[in-house]
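The values are calculated or read from the model by the stated rules, or taken from the named source; none is laboratory data. Note that the coordinates shown come from a computational prediction; the quantities given were computed from them, not determined experimentally. Here Cβ is always computed from backbone atoms with ideal geometry, including for glycine, and neighbour counts include all displayed protein chains.
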Amino acid sequence: MSVLFTFVTPALITALLMMPLVPVMRGCCTGKKARGRVVYNLCAFFGVAALMVLLPVGDLPVFAAIPDAGAAAAAAAGAAAGLTTGSGLAYLAAAAAAGMSAIGAGIAVASAAPAAIGATSEDPKAFGKAIIFVVLGEGVAIYGLLVAILIINKL
């Protein structure tokens, strides 16, 4: 039973993480095939998310049979350091705030910057007005970083 969780489970997680890369390696396409690939990627994502939720659970009878002498020592060390589930979730929230705001800023800049370049090439006087929209998109990432810093400071 221990061999199963030592070798097979990490291999399954690795396979689920690699599944979205298979359609990418085959090439890009549109229409019905593209919808199938989106469903494929979503299934792989939720499969990995389900494994991340289920594997750390120690109360399940399957996982209770696995002897782990280091787990008690690690839990005691974490409790002594003041680490709790709440602090772990706070770190995840800080990472999500910074990461998602950076993605949003990237999307905003990806659409605003080419428009600013096009406007500047037609009329050089429009540079000042056009660059403001690019900077506004970058502001979203700065706000996300600020929220992440505030969350971490609360710990």
**Fill in**
Subset of the range 118-152, residues of a type in the set (Ser, Thr, Tyr) and within 12 Å of ALA98 (Cα to Cα), comes to TYR143
**Asked** What is the residue count in the range 112-134 for residues that are among the charged types (D, E, K, R) and surrounded by 12 or more Cβ atoms within 10 Å (Cβ to Cβ)?
**Response** 1
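With the range 43-155 as the region, which helices (runs of 4 or more DSSP H) entirely inside it contain at least 3 residues that are at pLDDT below 90 and of a type in the set (Ser, Thr, Tyr)?
85-122
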